[in-house]
Amino acid sequence: MERQDKGLAWMLQYENIAWYEDGVVRILDRRIYPIEVIKVECRTHQEVADAIRDMVTQSAGPYTAAAMGMALAAYECRGRGEADQIEYLEAAAHTISHARPTTTWRMQKITEACIAEAKKALAGGASDVSEVIKECAVNQNNERYAGIGRVGKYMAGLFPEHGAVMTYCFAETIVGMMLKEARLQGKDIRLFCPETRPYFQGARLTASVGHDMGFDVTIITDGMPAFVMKKEGIDVFTTAADVICCDGHVVNKVGTYNTAIAAKYHGIPYYVSGTPDQGHPTVDTVKIEMRDPDFVLQAMGTPTANREVKGYYPAFDITPPELVSGVVTDQGVLSPYKLSDYKAVKDQFLV
């Protein structure tokens, strides 16, 4: 099997996202990368869920971690009877998939696929299905990366021959795939990355991937997009999404909405990459995750505000379809008002 992460930046390699081996899941701590390169070791599936909840891994990282966490859960219950193992895996799947509320539907699809493979192996007499689930995790990644590769071709096709692209937060694999494809298409792209407080995913993760892949990368603060759009001649604004509702609303890292408004004002197209989430027919089905407000009162662990003031931290915001120029999928670029045109052959998501 040829792995689809070939040729991508270091942090997009499967082993450097989350990896199960010998009763341990090691997850790259993206809260501090690239300042430090540390992998958090999880020895129970609950610890994997905790790591996902605590933002050890972000963007699409939790999808890899979830599958590898299921392999660890299988290791924990190895040797038990078939029924007991299935019951244990189903409980683990609930724990892992509900680690963060906004992406529960997607995480359930991943854990359900792992359980399906485990059931086949257990029915065939296996007593330890941890490696079976690990293989399922790699296959899921390969399938997702291949789909993202198709998205990358469509996205790069929207870039000018010589231009400037602004991102927001960390769009995981699509960043690597669209840059890889831009290079193949001979596109000369400058990448502008808002820092994305309070975890600085744009500054640390997106910028690192762009730099590792040989592109001209500039980091800006979250308050600069409108000025930079005008001053630097930004051609395209693009993000992935945590949820793309079937009614065209885009749920992504808080700050996306602001930047989309600025792009609309300056006549810059905003393209979101991903697939319509069948689990979210309308925006009313989305629960915005409110995180620890103290995180906005600090920067990478250093206090930045008076201890007596309050913080406010919604993890995501919602961009309405009128601000979205198109949804770039593996099947082409769709209008946010016509997402029913997407042929949902299977439940998948592209980040």
Practice problem: Select from the range 47-88 the residues that are among the aliphatic types (A, V, I, L, M), farther than 18 Å from ILE133 by Cα and touching a residue at least 40 places away in the same chain (Cβ under 8 Å) and list them in ascending order. | Solution: ILE52, MET55, ALA60
Exercise. Answer yes or no: is there a residue in the range 224-232 that is of a type in the set (Lys, Arg) and touching a Cys at 6+ places or on another chain (Cβ under 9 Å).
Key: no
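Return the residues of the range 78-103 that are modelled with pLDDT under 95 and crowded, with 16+ Cβ neighbours inside 10 Å; say none if nothing qualifies.
Of everything in the range 78-103, those that are modelled with pLDDT under 95 and crowded, with 16+ Cβ neighbours inside 10 Å turn out to be ARG100, THR102, THR103.
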Exercise. Return the only residue of GLY61, GLY23 being at positive phi and not assigned by TED's automatic domain parsing to the domain that holds PHE316.
Key: GLY23
Quiz prompt | Long-range neighbours under 7 Å by Cβ, at least six apart or interchain, first residue touching a residue at least 24 places away in the same chain (Cβ under 8 Å) within the range 289-302, second part of a strand (DSSP E or B) and of a type outside the set (Val, Ile, Thr) | solution = GLU289/PHE316; MET290/PRO314
Quiz item: Got a number for residues in the range 205-218 being out of contact with any helix residue (DSSP H, G or I) (no Cβ under 7 Å at 6 or more places or on another chain) and either surrounded by fewer than 22 Cβ atoms within 10 Å (Cβ to Cβ) or outside the structural domain of VAL327 (by TED's automatic domain parsing) (or both)?
Solution: 4
Quiz prompt | In the range 220-240, the residues that are in contact with a helix residue (DSSP H, G or I) (Cβ under 7 Å, 6 or more places away or on another chain) and either of a type in the set (D, E, K, R) or crowded, with 18+ Cβ neighbours inside 10 Å (or both) | solution = PRO225, MET229, ILE234, PHE237, THR238, THR239, ALA240
Practice problem: Give the residues of the range 56-85 that are among the hydrophobic types (A, V, I, L, M, F, W, C), in contact with a Phe, Trp or Tyr (Cβ under 6 Å, 6 or more places away or on another chain) and in a loop (DSSP other than H, G, I, E, B), sorted by residue number. | Solution: CYS77
Quiz prompt | Residues of the range 106-143 satisfying the condition of being among the polar types (S, T, N, Q) and surrounded by fewer than 20 Cβ atoms within 10 Å (Cβ to Cβ) | solution = GLN108, SER127, ASN139, ASN142
Quiz item: Do you know which residues across the range 1-55 are exposed (fewer than 14 other Cβ atoms within 10 Å of the Cβ) and assigned to a strand (DSSP E or B)?
Solution: GLU41
Quiz item: Would you pick out the residues in the range 227-263 that are in contact (Cβ under 8 Å) with a residue 24 or more places away in the chain, over 17 Å from ALA60 (Cα atoms) and of a type in the set (D, E, K, R)?
Solution: LYS230, GLU232, ASP235, ASP247
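The values are calculated or read from the model by the stated rules, or taken from the named source; none is laboratory data. None of these values were measured; they are calculated from a predicted model. Neighbour counts are summed over all protein chains in view; Cβ atoms, including those assigned to glycine, are modelled from backbone coordinates with ideal geometry.
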